[in-house]
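Every number in this text was worked out from the coordinates using simple rules, so none of it is lab data. Predicted, not measured: the structure shown is a model, and the values here were computed from it. Reconstructed Cβ throughout: ideal geometry from the backbone, glycine too, with neighbour counts over all protein chains shown.
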Amino acid sequence: MGFQTGLAGLNAATKNLDIIGNNIANANTVGAKASRAEFAALVSSAGTGGTDEGQGIGVAVAAVSQQFTQGSINITGNSLDVAINGGGFFQITTTEGKAAYTRDGQFKLDREGNLVTNLQANVMGYTLDALGQPTSVTPGKLVVPTGAPIAASPTKTIAAEVNLDARATVASNSATPTPFTKYGTAVTAFDSQGLEVPVNVYFVKVGPDPAAIPPVAKDAWDVFDAASQAAGETALTENATIKATNATNKALDIKNTALNAATPALGLPTYANAGIPADQPLKPSGSLFRMEFGADGTLLRMITPAVVTGTGATAVTTPEVVLPLDTQALTLTSGNTAIGNFSAVLDVTKTTQYGSSFQVTKLTQDGYTAGDLTGVSIDQTGVLETRYSNGQTKRLAQLTLADFRNPQGLTPISGGAWVETFASGQPIQGLPTQGKFGELRSGAVEDSNVDLTAELVAMMTAQRSYQANVQTIKTQDQAVQALVNLR
């Protein structure tokens with residue numbers, strides 16, 4: 001029995017050394033988890049009821065237990081390297097089509113754009129729609145469209161945040177009106193094929209102006225684009241002349257009225273007001289719309305201004321029309337005649353009129369030209385985002401994680417992965433940062449959790465155990481030899 005006990009000890013020590021050696025060999029393997037040998041005593045079950053009942057007959061390796069503790073996070077700078085900080089496994093599908101699970105996040109793109117591991121296993125996850133929502137509840141292979149460029153998108157909205165100088169004078173109150181370009185800005189829009197379309201926007205102060213016909217009571221600015229600029233500049237010049245003529249006629253009328261009041265007492269002839277024309281209304285500016293501001297300098301409303309045609313008894317007034325604040329249409333013209341004109345919304349709802357210099361604090365448009373893929377990144381929630389040369393990004397997919405009620409029941413396979421077994425239970429799927437699942441760290445990997453120092457000490461201990469078991473066999477052999485030599 002001594003030989004059997006020693007041999008059992010040798011087998012257990014050998015198995016322990018194998019496990020320790022495997023741990024040491026994978027000390028630098030990304031996502032690797034250390035294992036340990038767990039021993040159990042062997043006893044005789046002869047059941048004789050004598051003094052030998054329960055006698056020890058050696059040792060056996062009862063289990064090889066995997067240690068799924070967190071490994072340290074190592075920064076690599078590679079955007080497709082992903083580490084799990086917390087619970088869970090990446091879901092992959094091996095080249096044989098078998099579901100497997102890994103903590104090794106050294107991912108790459110193959111020639112077809114599939115996100116794969118070093119052994120070409122496909123990484124699994126959800127495909128996302130345009131709103132960033134999963135299109136399925138079943139994980140599938142993640143694919144990045146590396147070949148095709150992102151399509152162009154036409155401009156639909158142009159948004160401007162502008163401060164108009166409250167100290168500016170009404171443009172038509174001068175014989176030389178304020179140039180359009182003094183209060184103007186420009187942005188580049190795009191048509192449906194991604195061709196650039198220059199857009200100019202101008203602001204012309206028209207109020208308060210009691211001399212205008214009809215009078216403008218509030219702080220007001222007319223808004224023009226490139227298409228209406230020429231007509232607006234012509235109207236502005238003509239209106240400056242009309243206002244000057246009206247002012248001259250009004251002054252003459254006031255003078256004659258005063259003289260008429262004085263002449264009856266002097267017996268002098270009466271100064272007639274006949275021949276002095278009535279005030280002429282201003283010509284329509286041709287603006288896109290007019291902005292009116294409140295006393296606090298914020299935008300009060302947008303209108304199509306009232307227009308007066310004719311004079312005296314024949315005068316006809318077209319009333320103003322209040323416009324919605326957020327639906328001002330702007331007509332853009334593509335350089336491609338096949339596309340021609342297309343519409344966009346001009347959003348100037350955040351325009352202010354304060355007593356400071358004219359400035360454009362924000363000017364954006366939502367169109368873009370076609371673009372080529374320039375990079376891929378993964379955020380902490382597992383969302384895979386592509387970047388393009390036109391500055392656009394797209395959220396294409398999201399990595400999923402899986403966990404098990406008994407991770408130690410998983411069976412390891414080559415490539416740093418595990419497969420489920422009856423002991424592990426079925427996988428529980430989820431998303432990073434949700435519930436018990438950890439967050440992802442892009443540009444990093446999880447190092448092996450093997451403690452090399454502890455493994456070297458354990459190896460020396462296992463070596464001593466092996467030597468001691470050899471010694472028991474040797475001693476037992478000597479005792480048997482002594483018995484054989486008895487005469």
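At R0 = 60 Å, how high is the FRET efficiency between ARG301 and ARG111 if r is their beta carbon distance? Nearest 0.05 is fine.
Values: r = 59 Å, r/R0 = 0.98.
Between ARG301 and ARG111 the formula returns 0.50.
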Quiz item: Which value in Å is the Kirkwood Rh of region 1-133 over different Cα pairs?
Solution: 18.9 Å
Practice problem: Please give the helix 2-25 orientation as an angle from the longest Cα principal axis of the chain, in degrees from 0 to 90, rounded to the nearest 10. | Solution: 20 degrees
Practice problem: Any aspartates and glutamates with Cα under 13 Å of the LYS436 Cα? List them, leaving off those in the same chain fewer than 8 positions away. | Solution: ASP403
Quiz prompt | Candidate aspartates and glutamates for bridging to LYS283, where Cα separation is under 13 Å - those fewer than 8 sequence places away on the same chain excluded | solution = GLU233, GLU238
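Based only on Cα atoms, what Rg/Rh ratio does the chain have, Rh being taken as Kirkwood's radius?
1.39
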Quiz item: When DSSP assigns beta bridges and you keep just the ones with both residues in the chain, what percent turn out antiparallel, to the nearest 5?
Solution: 95 percent
Quiz item: At a Förster distance of 60 Å, what's the computed FRET efficiency of LYS436 paired with SER44, Cβ-Cβ distance as r, to 0.05?
Solution: 0.85
Practice problem: Pull out the extension gain between VAL457 and SER136, defined as 0.36 nm times the separation in residues minus the alpha carbon to alpha carbon distance; nm, one decimal. | Solution: 110.6 nm
Quiz item: If contacts are Cα pairs under 8 angstrom and at least 6 residues apart, what is the relative contact order of the chain in percent?
Solution: 24 percent
Practice problem: Provide, for q = 0.14 Å⁻¹, the log10 of I(q)/I(0) from a solvent-free Debye sum over equal Cα point scatterers in region 157-365. | Solution: -0.88
Quiz item: In µm²/s, what is D for region 115-266 at 37 °C and 0.692 mPa s, where D = kT/(6 pi eta Rh) by Stokes-Einstein and Rh is the Kirkwood radius from Cα pairs?
Solution: 151 µm²/s
Quiz prompt | Formal net charge of residues neighbouring PRO198 (Cβ-Cβ distance under 13 Å; K, R +1; D, E -1) | solution = -3
Practice problem: Assign unit charges at the C-beta atoms only (+1 for Lys and Arg, -1 for Asp and Glu), then state the dipole size of region 302-455 relative to its Cα centre in Debye, rounded to the nearest 20. | Solution: 480 debye
Practice problem: Taking the Cβ of THR245 as the centre, find all other residues whose Cβ is under 15 Å away and add up their charges (Lys, Arg: +1; Asp, Glu: -1). | Solution: 0
Exercise. With an 8 Å cut-off on Cα pairs and a minimum separation of 6 or more residues, tell me the relative contact order of region 153-250 in percent.
Key: 28 percent
Self-check item: 29 Å Cα-Cα threshold exceeded, pairs from LYS108/LYS156; LYS156/LYS218; LYS243/LYS350; LYS182/LYS243
Solution: LYS108/LYS156; LYS156/LYS218; LYS243/LYS350
Exercise. Could you sort 467-476, 162-171 so that the peptide with the highest average Cβ count within 10 Å comes first and the rest follow in order?
Key: 162-171, 467-476
Self-check item: Net +/- balance of residues flanking THR352 in space, Cβ distance below 10 Å, scoring K and R +1, D and E -1
Solution: -1
Quiz prompt | Percent RCO, i.e. relative contact order, over region 86-125, from Cα pairs under 8 Å lying at least 6 residues apart | solution = 40 percent
Quiz item: About its Cα centre, what dipole magnitude does region 157-365 give when the only charges are +1 on Lys and Arg Cβ and -1 on Asp and Glu Cβ, stated in debye to the nearest 20?
Solution: 520 debye
